[in-house]
Amino acid sequence: MDNRGFGLSELLVFIGIFLFILVAVAIYGRVKLGNESFYTKPDVDINKQENVNDSIEIIIPKEYIKLENSLNETARKYNISKDKDQIITLKELQTNNLIGNIVDPNDNSIMCNGYVEYYSNLNQYTSYINCPGMYVTNLYNYEYEKN
């Protein structure tokens, strides 16, 4: 550099270095800035569940969750052999006078069906209901309605 200041070549080198730093900071900032991303996820409603198969958010009304829980609690009271996995159908529970008909909470004319899966190794009960045209538990197996 001489006494006349910056020349065109020095200016271009300075602009090139400045642009390189600017792009590097933009890329780094977009990926991560410390432990936080520039792009934050929106707040998640706890009443929404994500369908794993096709990533569609499904809102499950509390009334249907109550029906599933009621079926689950009734199955827990049912005297079954706990040393093997079992399917306990709503019809089986009704036959043993443990539960009455389950009707859709939004339309009393719709009769619901359901079943509970019991997993002996986990001592876990999982309930599924089907209120035709209104609500069906994710992964509901219609084959169990035939029994």
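Using 0.36 nm times the number of residues separating Asn141 and Phe20, minus their current alpha carbon distance, what extension gain do you get? All intermediate terms of the calculation are to be shown ahead of the outcome.
Working: separation 121, 0.36 × 121 = 43.56 nm, distance 5.78 nm.
Extra length available between Asn141 and Phe20 comes to 37.8 nm.
Pair-distance distribution P(r) for the range 60-134, from all Cα-Cα distances in 5 Å bins starting at 0: 3, 16, 29, 23, 16, 8, 4, 1 percent. A simple rule links phi to the HN-Hα coupling: the Karplus curve 6.51 cos²θ - 1.76 cosθ + 1.60 with θ = phi - 60°, which for the range 87-93 gives 10, 10, 8, 4, 4, 5, 5 Hz, with x for Gly and Pro. The phi torsions of the range 114-120, fed into the Karplus equation with coefficients 6.51, -1.76 and 1.60 and a -60° offset, translate into couplings of x, 7, 10, 9, 10, 10, 5 Hz, rounded to whole numbers, with Gly and Pro shown as x.
Annotation: amide H-H contacts under 5 Å for Thr89 (H modelled 1.01 Å from N, sequence separation of 5 or more, or interchain): Val116. Annotation: amide H of Val103 within the under-5 Å range of Cys112, sequence separation 5 or more or interchain, hydrogens built in the peptide plane.
Spacing of the modelled spin labels on Val13 and Gln124, each 7 Å from Cα toward Cβ, amounts to 6.6 nm.
Residue separation times 0.36 nm, minus the C-alpha to C-alpha distance between Lys66 and Tyr78: what's the value?
Details: separation 12, 0.36 × 12 = 4.32 nm, distance 1.85 nm.
Separation in residues times 0.36 nm, less the Cα-Cα distance, equals 2.5 nm.
On a per residue basis, the range 84-125 carries 55 Å² of accessible surface, using protein heavy atoms and a 1.4 Å probe.
Less than 13 Å Cβ to Cβ from Pro132, Lys/Arg counted +1 and Asp/Glu -1: what total charge do the surrounding residues give?
Details: positive: none; negative: Asp104, Asp107, Glu145.
Computed value for this residue: -3.
The values are calculated or read from the model by the stated rules, or taken from the named source; none is laboratory data. Bear in mind that the values here come from a model prediction, so they are computed numbers and not experimental data. As a convention, Cβ positions derive from the backbone with ideal geometry for all residues, glycine included, and neighbour counts pool all protein chains shown. When the accessible area is computed, the model is the full protein with side chains, heavy atoms only, and any ligands, DNA or RNA have been set aside. Shrake-Rupley method; radii C 1.70, N 1.55, O 1.52, S 1.80 Å.
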